[in-house]
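Asks: Pasting in a structure now, in C-alpha cells, and then I'll have a few things to ask.
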Amino acid sequence: MTIRKVLIVDDSKTETMFLTEILKSNGFFVSSAQDGEQALELMALEKPELILMDVVMPGRNGFQLTRAISRMPEYADIPIILCSSKSLETDKVWGLRQGAKAYITKPVNASELLAKIKTLD
C-alpha cells in the first residue's frame, strides 16, 4: 500500500504548516488536528494512512494517544511517526513502545521524514 493520506496531530500551527508544506509538495493529501480529541474525530471521518504525532500537546499527550490508537482494532494498522522536540533516547524508546513505527526529533528534516515514510510503504 502506498501512503497518500496523512494526518498531522500537533498543537503548533507553525509546525503543522511546515509539515503540511513538505508533504503536499511531495504528493500527499494532508489533514491536521490540534489535539487528541480532534484527531480521533478526523480519524473516524477519513481514515488516514499515516499519522505524524507531536508528543507535547494539551490534554492527552502524543505517547498516550499513540498507545490508545494502536490498541483500537479499527486503527491499529495505521503507522504513527512521532515528531517531537523531546530528543532523549528514553523518549524515543518509550514512543516506540507505545506503538509508534518511528520517532523523529524537531526541527524535522524533510529528507529524513520522507525517507521514514518510504520505509513504511
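None of the figures in this text is laboratory data; all of them are computed from the coordinates on show. The structure displayed is predicted, hence computed values, not measured ones. Neighbour counts are summed over all protein chains in view; Cβ atoms, including those assigned to glycine, are modelled from backbone coordinates with ideal geometry.
Asks: Who wins for biggest fluctuation among ALA68, ALA102, ALA39 in a Gaussian network model of the chain, springs between alpha carbons below 10 Å?
Replies: Maximum among the listed residues: ALA68.
Asks: Could you compute the net charge surrounding GLY59? Neighbours are other residues with a C-beta less than 11 Å from the C-beta of GLY59; K and R count +1, D and E count -1.
Replies: -2
Asks: Now, a different point. Could you check the spin-label model distance between GLU37 and THR90? Points 7 Å from the Cα along Cα→Cβ, value in nm.
Replies: 3.1 nm
Asks: To continue, here is another question. For ASP35, ASP121, ASP10, what's the fewest-to-most ordering of other Cβ within 10 Å of each Cβ?
Replies: ASP121, ASP35, ASP10
Asks: Using a Förster radius of 25 Å, what is the FRET efficiency between ALA68 and ILE3 based on their Cβ-Cβ separation? Nearest 0.05, please.
Replies: 0.75
Asks: Return, for the Cα atoms of the chain, the radius of gyration and Dmax in Å, separated by a comma.
Replies: According to the Cα coordinates of the chain, Rg and Dmax are 12.7, 35 Å.
Asks: How much net charge surrounds ASP77 when only other residues with a Cβ under 10 Å from its Cβ are counted (Lys, Arg +1; Asp, Glu -1)? Don't jump to the answer; show the numbers that get you there.
Replies: Working: positive: LYS47; negative: GLU49, GLU74.
Once positives and negatives cancel, what remains is -1.
Asks: Related question: Hey, which aspartates and glutamates would be in cross-link range of LYS92, C-alpha to C-alpha under 18 Å, not counting anything within fewer than 8 residues on its own chain?
Replies: List returned: ASP10, ASP54, GLU112.
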